[in-house]
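Below is one structure, written out as structure tokens, with a few remarks after it.
Please treat every number below as a calculation from the coordinates, not as lab data. Just so it is clear, the structure is predicted and the values come from calculations on it, not from any experiment. Reconstructed Cβ throughout: ideal geometry from the backbone, glycine too, with neighbour counts over all protein chains shown.
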Amino acid sequence: MNRLLVVDLTKRNFNVEIIPDDILYNYLGGRGLGAYLLYTTLQKGVDPLSPDNVLIFSSGPAQGTNAYYSSRAVLHTKSPLTGIYLFSVASGSFGHQIKRSGYTSIMIKGRASAPTYLVIRNGDVEFRPAEHFWGMKTVEAHDSMLKDSQLPKGSCVCIGPSGEQLHMMAGIFTEGEKARTFGRGGSGAVMGSKNLKGIVIAGAQKVKIFDNETFQQAKNGIRESVKAKPKWVEERRLIGTGADMMAMNEIGILPTRNWKTGIFEKINSIALTEIQDIWPRKNVSCGPYCLNPCSHIANIDRGPWKGVRTEGPEYETIYVFGSDCFVDQFDAIVAAEEICDQYGIDTISCGATIAFAMECFEKGLISQEDTGGINLQFGNAEAMVKMVGMIARQEGLGALLSQGTRLAAEKIFGSSEFAMQCKGLEFGGYECRSMWGQALQFAINSRGGCHHGYGLPARSPVDLENGRKVVGKGNLVKNLAIDRILYDSAVMCTFPRGVVGIQNLALTVNAITGRNYSEDDIKQVGFRILTLERMFNVREGLRRKDDYLPERLLKEPLPDGPQRGSVVPMDELLDEGYDAFGWDKNTGIPLEETLASINLTDLCK
């Protein structure tokens, strides 16, 4: 039996609802279930920072078991940064504890009258005062609430000072100093708007597996798939997500100087493969049941930022604080990330917005008077780190930049063409003027300029070999998106999905749940989830006009690299993508026959 825990902070009560089996069959769990719950709970036009918005934390079939790569959970809400659909995935044990507490999802609604944190102990909910935790940074708050709750082996999610102050980039953090993060879109501000500092949860229920023999077969299949890729395993263990940064720079897709180019000539100073001996990091796991841990802890033991310590930095953080800001000092990147992690904000949006501000400074659109005396030029590492602090605390120019590049560009005249975002969300680190599948993904992604949600075509061999071809890009993005959505719904880590595949995922889900998904069946589930996410945004008023990228990508040719001279042919790509996805070419709204083919007609009337 799958149960939804609904906590009302306004009324200080909770109730449990049964999730029908057909909903779980159609939406799987995790990202899919959260999309369904968000769509059916919220009305059009809800203010993301009002008590009417909700926070939904979901597990999937894999949580509560010892399935490989299952240490994940998914969050859903309406984003205050973008005003549209938001999901976010974090690793750690929170999803396992949801399931072991007897639930599949937890929905938080309303607003507490005073700072509060929740303790969920074996399924029961306690409302506890959090005034003495209010103002604490993330790691201290995390550890203090675990201690106060007397659940040291439980899991905690919490916000930092930025979330309390309704910072548009604020995330929700878990796993203490490992800083695993529901990072994008401002979910931490939603939590802060509810006067909710954190949630501690621990459960002891055993999750029943329908077919243990088949489950073990699925685990064996995953393990053998991973063993067959020893080079990949070793790269992830030693380097992590930045293992191929040098190659990306070589082919010209590493965004540099606020996306003016895709090549960073100082790459040797920040690429993890090149600085292992200079700045060694310790390999750690982000949670149990991982066959090849790829996280790392960085300690800076010398220089102007001596003493800073952070999990990572991962590829996206190195891109935004490194090449995008033209900074070639690894210790500065770590210092910037530590501020973000402690205050509780998203590194991608923060760093990308600073790169945007650096270009504004370079063009004379803002001055040193505006920056509070900071010489905010590209490559100035000290200035970058100072601005991260100002953004985290919303001080001076940081108060404007904390709202993200889209809103900042509305206030800084003449800057919108190089505000590198779509639908209000800053881009992940993949220059797309020569990778048109990636351009299409950025444009139509359900949460805005996101690199995660639709499968990352820029890392696909097809896109690498045929980057500047329109034909086929729609199906490429559709298929990659479905695979990514299924992993986010199972819920399993998406990093090894190209190694593990969909067949092993389907076998795992079938063994746990007793369902009998074929590969085609489960892919239809993925497409249903994708379409429902789109319908949420359609209900909020988004149309084809919102699926466009900044003018820099459409009109400024790449100045160098193997694909020099390339721009994004946006209209041709949208036509190609809409055809593949079954969306109307004029509006971007899924067609009636598309909705009917995946049983969404009644839900999306």
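Taking the convex hull of the alpha carbon positions in the stretch 408-465 and averaging its projected area over all directions gives 4.0 nm². Here the contact order of the stretch 355-505, divided by its residue count and restricted to Cα pairs under 8 Å and six or more residues apart, works out to 14 percent. Quickly work out the residue 548-to-residue 602 label distance, labels modelled 7 Å from Cα along the C-beta direction, and quote it in nm with one decimal. A separation of 4.0 nm, rounded to one decimal place.
Once the Cα gyration tensor of the stretch 3-202 is found, what semi-axes does its equivalent ellipsoid get, as square roots of 5 times the eigenvalues, in whole Å, sorted largest first?
22, 20, 16
Given the convex hull of the Cα atoms of the stretch 436-597, what is a quarter of its surface area in nm²?
10.0 nm²
Estimated from helices alone, the mean residue ellipticity of the chain at 222 nm is -11500 deg cm²/dmol (sum of -39500 (n - 2.57) over DSSP H runs with n ≥ 4, per residue). Note on residue 231: lysines with a C-alpha under 25 Å away, same-chain residues under 8 apart excluded, are 219, 282. Once C-alpha pairs closer than 8 Å and six or more residues apart are averaged by separation and normalised to the residue number of the stretch 436-597, the relative contact order reads 25 percent.
Just to be sure I understand: if I project the alpha-carbon convex hull of the chain onto a plane and average over all orientations, what area do I get in nm²?
On the way: hull surface 95.5 nm².
Mean shadow area of the hull around the Cα atoms is 23.9 nm².
Of the two radii for the stretch 447-538, the radius of gyration is 0.98 times the Kirkwood radius, both from the alpha carbons; that is the Rg over Rh value.
Here the peptides 217-224, 312-319 are ranked by packing, the mean other Cβ count within 10 Å, and the order with the highest first is 312-319, 217-224.
Of the peptides 360-369, 415-424, the ranking by mean beta-carbon count within 10 Å, highest at the top, reads 415-424, 360-369.
Derived from the Cα gyration tensor, the three semi-axes of the equivalent ellipsoid of the stretch 72-117 are 21, 17, 9 Å, largest first. Shown here is the pair-distance distribution of the stretch 264-327: with all Cα-Cα distances grouped in 10 Å bins from zero up to the longest one, the shares run 20, 49, 27, 5 percent. Here the stretch 111-196 is described by how far its Cα atoms reach on the three principal axes: 32, 31, 22 Å, from widest to narrowest. When only alpha carbons are used to place a centre, the stretch 408-451 and the stretch 254-268 end up 16 Å from one another.
Evaluate the relative contact order of the chain (contact order divided by residue number), counting alpha-carbon pairs under 8 angstrom at least 6 apart; express in whole percent.
Answer for the chain is 15 percent.
For the stretch 26-139, the extents of the C-alpha atoms along the principal axes are 39, 35, 25 Å, listed from largest to smallest.
For the stretch 240-422, dividing the convex hull volume of the Cα atoms by the residue count gives 120 Å³ per residue.
Highest mean packing comes first when the peptides 336-348, 290-302 are listed by Cβ atoms within 10 Å, giving 336-348, 290-302. Every pair of different Cα atoms in the stretch 174-308 enters the Kirkwood calculation, which places the hydrodynamic radius at 19.1 Å. Binning the C-alpha pair distances of the stretch 227-301 at 5 Å intervals from 0 yields a P(r) profile of 3, 15, 21, 20, 17, 15, 7, 2, 0 %, listed from the shortest bin outward. The alpha-carbon atoms of the stretch 318-383 define a convex hull whose volume equals 75 cubic angstrom per residue.
For the chain, the membrane-span-like helices by this rule, meaning whole DSSP H stretches whose C-alpha atoms cover at least 15 Å of axis and whose Kyte-Doolittle mean is -1.0 or above, are 30-41, 138-149, 330-343, 347-362, 381-393, 473-490, 497-513, 519-539, 570-581; this says nothing about an actual membrane. Per q in 0.20 1/Å, what log10 I(q)/I(0) does a Debye calculation on the alpha-carbon atoms of the stretch 114-155 return? The calculated log intensity ratios at q = 0.20 Å⁻¹ are -0.60. Taking the inverse of the mean reciprocal distance over all distinct Cα pairs, the Kirkwood hydrodynamic radius of the stretch 1-88 comes to 14.0 Å.
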